[in-house]
Each structure stands twice: as C-alpha cells, then as structure tokens.
1. If you take the residues in the range A:97-142 that are among the small types (Gly, Ala, Ser) and closer than 26 Å to B:Ala211 by Cα, which one is farthest from the other protein chains (Cβ to nearest Cβ)?
2. Examine the range A:79-88 for a residue that is farther than 30 Å from A:Asp208 by Cα, in contact with a Gly (Cβ under 6 Å, 6 or more places away or on another chain) and in a helix (DSSP H, G or I), and state whether such a residue exists.
3. In the range B:86-135, what residues are surrounded by fewer than 17 Cβ atoms within 10 Å (Cβ to Cβ) and either among the hydroxyl-bearing types (Ser, Thr, Tyr) or outside any helix (DSSP H, G or I) (or both)?
4. Which residues, taken from the range B:236-256, are more than 8 Å from chain A (Cβ to nearest Cβ), buried (at least 24 other Cβ atoms within 10 Å of the Cβ) and more than 22 Å from B:Ser52 (Cα to Cα)?
5. Considering only the range A:272-293, I want to know if a residue exists there that is under 19 Å from A:Pro144 (Cα atoms) and among the small types (Gly, Ala, Ser).
6. Just name the residue that is modelled with the highest pLDDT out of those in the range A:44-65 that are assigned to a helix (DSSP H, G or I) and not hydrophobic (A, V, I, L, M, F, W, C).
7. So how many residues does the range B:1-36 have that are within 25 Å of B:Ala234 (Cβ to Cβ), modelled with pLDDT under 80 and either touching a Phe, Trp or Tyr at 6+ places or on another chain (Cβ under 8 Å) or not hydroxyl-bearing (Ser, Thr, Tyr) (or both)?
8. So in the range B:35-54, with the set limited to residues that are out of contact with any Leu (no Cβ under 7 Å at 6 or more places or on another chain) and among the hydrophobic types (A, V, I, L, M, F, W, C), which one is nearest to B:Met245 (Cα to Cα)?
Amino acid sequence: MSASYLARRLLSIVFTVLVVSLLVFGITQVLPADAAVMLLGENATPEQLAAVRTRLGLDQPVWWQYLRWIGGVVRGDLGTSLETGLPVAGEMLTALGRSLLLAALSLLLMLVIAIPLGVIAALRRGKPADVAIGLGSYVGVSMPEFVTATLVLITLGHPEVGLLPATGYVPLTENFGEGLSRLVLPVLTVSVILVAHVARMVRSELVDVLGTDYVRAARLKGLSPRRVLFRHALRNALLPTITIVALDVGYLLGGIIVVEEIFAFPGIGRALIVAIQQRDLPSIQAGALIMATTYALANLCADIAYAALDKRIRYA
Amino acid sequence: MPDLLRRLLRTPQGAIGLAIILAALVMAIAGTSIAPYSPEQFHPRARFGGPSAAFWLGTDQFGRDLFSRLLAGARATLFYALAATLLGTAAGAVLGTLSAFLGGLVDEVLMRIVDAVMAIPNLLFTLLIVTVLGASGVNALIAIGIAFTPGMARVTRSVALTVRRQDYVAAAIARGESSGYIVLREMLPNVVGPIVVEATIRVAFAVMALATLSFLGLGAQPPSSEWGLMVAEARPYLFRNAWMMIVPGFAIALVAIAFNLFGDGLRDALNPRT
C-alpha cells in the first residue's frame, strides 16, 4: 500500500464528510423548527426572539452560517444543544464511545458464531445442516431489528425468567458485572442479524475455494482434510468476508439506532433519535456527521486490513 | 416471458417466494372485506386474548381482533413498500442511465456525490429525510424512495456501462442498426434484468424500513394498523400478551423473506448459465 493511495483515500473521506455536512446542514435548514422559539418558548416577545437570533447568528446569510458551523467543526466545536445548553461534541462523542463498545462486542460475537456456521454449511453442502443454516440466515436477514430486539426482550429479558436486566446502561468502569449483564441483550440482538449475513458469505466463498485447483492439489498430496481446510481453504475464503464486515459496519450504525432505542442504551443512535424528536438542530447535525465519518473511517480500516492480510492486493 | 416464469418456478426460492407474495397481495387487496371484524371494533370482554376460534390470531389491549388489523394494515405496509421501491428504482434508473450516457465530468461528479450520500447509513439518511418532511406514512414512502435512489443509480450505471461494451452491441453497430434500435432492442432487455433483481430484493428492505419508521413513530400514524405501528403499540404490553407483537412481527418478516427469496430465484432464472 503506497503513501499516495492512503493520501487519496483520506482526501476522498474528507470530500465525503464535506458532502455529508452540506446535506445535513441543508436538511436542518429546511426543518420546520425555529431555534430561537425553541430556546425561549412560545411566549417570548419579538424583541427577545430577535436578540437570541442575533446571538445565534440566525440573522446572517445561510452560507455564512454554514461556514461558521463547519469552521467550528474543524476546531472540534459542534455547537451547543438547544435542549440541554451543553456543548454537543462531548455528549455525542461519549455516546459514540458506548455505541462503538456495543458494535465491537457484537462484531466479535458475530465472528465467533458466523464463521463456524458458514464452514459447517459449506462442508455439508446440500445436507440438512446446510439447508437449516440457509433457512435460518434468510429469516435472520429478513427480520427488522426492532422485531429481533423485541423477540429477544420477551424471551431472554422476561421478568419472570429474571435471567438478565432488560434495559438500561451501567458504565463498565462503575460496576463491571452489572454493566456487562446489561450489554448482553443488545449485543445478542445486533449479532443475530449480522450472523445471518456473514454466515451466508462465508459459506459461498468457502464453496468456491473448495472447488479450486490448489485445494484439489492439496488433497491429492495426501494432506489431512483438517489441514486442507484450515491451512489452505479457509484463509482465502475469509478474506472477502472482511469487506462484507466493513459494509456491515454501515448497516450496524443504522441498525444500532433501533436496538439502542429499544434497550434504552444511551448510544449515539438513541441520542440522534432523541435529537430528532426534540428538533434539537445542533445535535442532529453533530450526530449525523459523526456517524457518517465513523462509517467512512471503518471502510478505510477494512481496506487496509484487507491489503495487510492478502499480499496479492497492491493498492497503487 | 412464460419461459422465464417456468425457470423461476423451477427454483425452490422463486416458487416459495412468489407463492407468499401472491398470498400477501391477495390479503392486501381483499383487505378488510374478508376480515371477520372491523379493525377498530372493541371487544372489551376479550382483551389481551391469544389465538382462539373467535379471534384467530388473538386480540390487543382494546380487544380488537389482531387478524382483522393485520389485514387492514397489509395495504399500508405492502403497497407503500412497493411504491417506495418503484419511486427509488425509477429515479435511480434515470440518474444512472444519464450518468452513464453523458460520461465525462458529469458522470464523475454525479458518482462522487452518490458515493458520499451512500456513506451515510441508510436508516440514518431515511430518518433525516422524514424529519424534514414530517411524520406520516406517505412521507415515509417518499423518504425510503429517495434513500434508495443513489444505490439504484450506481447499479443502473454499472450495468449500462457493461452492456454498452458487449460484443453484441458492437455487432449491432457494425450491422449499421440505428441508435434507437440498439438502445431498445439490444441494450434495454439486458439492463432491465439486473435492475429488476435489485429492486425485488429492495422491496424487502422497504418493508422493513417502512415498519421501522412507523415503529419509531415517524411513519404511519394511529389509528392505522401498519404492521410496524402494531409492534410499537404492543410494546407496553409485551409481557401481558406476546401475540400482539408476534403477529405483526412475523408478518413483516414473512413478507421480507418472500421478496428476498423471490429476488434470489429471479436472479437464477435470469442467468441460465449459473
């Protein structure tokens, strides 16, 4: 991987974030919400409203407001929440941290479940195990997150079962065991959906690889099936999976919105939903921008990992 | 076309998917006329009921018949999802073909913007559009259509570019056929296939997105019995009567599975080689 490739990729991420920022800013501009009215309430006098508009710079031209906002973003200032009066950046980044923890644990659990399932399906191709895994993954892909989440909630989170606390969040640093137990259900929900997707991918890649000449050559050399599978076939079959996992991160960031909402998990998705419901413009802008940037960076990381693992790939 | 249908029905995915879709469409069209009760009728003595002879799929917190509500909500879910996909596919097809046709700088700029928009997680993008338009079923439909457009534009463009380079197009040009003939008779039939497959699978996403928006309170509004809204209304009573959530949740999943299966079957039927 050359330095110029990396530079170009970073440049394209900057471009993406710029387009996203224009889009998000444009959307919040046409939103039927007046920040001054929101701050002061319906009963404010016109003079008070005018004063607040001047303070917030709402009487300036739109392009100037955009430049001021984006200038702040560059300096790490994402504005002040209309609801809480606190800086948005700190709150949103804390929420992002929690979401990333949820996402990382889900990805980990997903890989632990999905890869063996995919391998079993590929090795038992056409047998009942394969058909069952295939059907299961169709169901997993086709269930919206909120259905999966509520199903998990009424089965494992049922108060009569008393197995796990249903909702809420406790920081891991505060009480590790308690915090972890509250992560179980959301993590389980998110990974169920991902498993369905990735297991299908692993299966189809492995089926392709098992049909190649080098696998046949390895078999004909008299290597044990185990050695053929783990040393020769699986390594190549898993490579394209990395790309799919990266694409899933984008999906993950969307799906996490709903899962966080249902399990009352204070991540960035829930923060965004709350901001949308309250029409808190700075928070909406910041949340959307942070999520899009995270997604772009995740894709870059996946490409770098891909090149590092597969020596045949050369990004010029 | 009958040939395509025969090949489609020979794949198990295609046959099962098509059967479920047809059943769902009949349900949506017949709707309340075949429902045993009015979807709004209260049965105070039969609140929170499980499936029974009188109420096939159980009842909700007001004793409303879940089966009747499911039938009434099928339109708001299925037709809106189809319309949203159609909107996104049409807009994307126009944009993608235009981009491929014009080429050069326009193509480059359009595709860069499409890339950037696609860097926003899909649900987030849909949420932002609905926020602007306001919460309603129709606005959810429009938002999902707009959110589908960049992806469909990308697919259409790449397919159009590939087809343009095919030998049979070069052969038609060499034969001296008119551009109209080449676009309509040689290119279009080969462009439509992959787009239809992509659109079919996207209906599954549209069903799920529509239900998700309603679930979050940003789509269909009460007293509609859109399926996502039914799940949302079941939330406070999850532990009293799970059927309130399972019935619409299962219906959403079944329809989404059907379109996924149908799309996969269609892809196999359109590619006889594989």
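1. Of the residues in the range A:97-142, the ones among the small types (Gly, Ala, Ser) are A:97, A:99, A:103-104, A:106, A:114, A:118, A:121-122, A:126, A:129, A:132, A:134, A:136-137, A:140, A:142.
Retained after the next criterion (residues that are closer than 26 Å to B:Ala211 by Cα): A:99, A:103, A:106, A:134, A:136-137, A:140, A:142.
Details: A:Ser99: 12, A:Ala103: 12, A:Ser106: 15, A:Gly134: 10, A:Gly136: 11, A:Ser137: 10, A:Gly140: 10, A:Ser142: 4 Å.
Of everything passing the filter in the range A:97-142, A:Ser106 is farthest from the other protein chains (Cβ to nearest Cβ).
2. We begin by selecting, within the range A:79-88, every residue farther than 30 Å from A:Asp208 by Cα; these are A:79-88.
Add one more test, that the residue is in contact with a Gly (Cβ under 6 Å, 6 or more places away or on another chain), and what stays is A:88.
Applying the additional criterion that residues be in a helix (DSSP H, G or I) yields A:88.
Among the residues of the range A:79-88, at least one is farther than 30 Å from A:Asp208 by Cα, in contact with a Gly (Cβ under 6 Å, 6 or more places away or on another chain) and in a helix (DSSP H, G or I), which makes the answer yes.
3. B:Gly103, B:Gly134, listed by residue number.
4. B:Val255
5. Looking for residues that are under 19 Å from A:Pro144 (Cα atoms) and among the small types (Gly, Ala, Ser), one finds none in the range A:272-293, hence no.
6. Step one: filter the range A:44-65 for residues assigned to a helix (DSSP H, G or I), giving A:46-56, A:62-65.
Subsequent filtering for residues that are not hydrophobic (A, V, I, L, M, F, W, C) retains A:46-48, A:53-55, A:65.
Numbers: A:Pro46: 75, A:Glu47: 75, A:Gln48: 74, A:Arg53: 71, A:Thr54: 74, A:Arg55: 69, A:Gln65: 82.
The qualifying residue modelled with the highest pLDDT is A:Gln65.
7. 4
8. If we filter the range B:35-54 for residues that are out of contact with any Leu (no Cβ under 7 Å at 6 or more places or on another chain), which is where we start, we get B:36-50, B:52-54.
Keeping just the survivors that are among the hydrophobic types (A, V, I, L, M, F, W, C) gives B:42, B:46, B:48, B:53-54.
Numbers: B:Phe42: 18, B:Ala46: 17, B:Phe48: 11, B:Ala53: 20, B:Ala54: 19 Å.
Among residues in the range B:35-54 that are out of contact with any Leu (no Cβ under 7 Å at 6 or more places or on another chain) and among the hydrophobic types (A, V, I, L, M, F, W, C), the one nearest to B:Met245 (Cα to Cα) is B:Phe48.
The values are calculated or read from the model by the stated rules, or taken from the named source; none is laboratory data. Everything quoted here is computed from the prediction, not taken from an experiment. Reconstructed Cβ throughout: ideal geometry from the backbone, glycine too, with neighbour counts over all protein chains shown.
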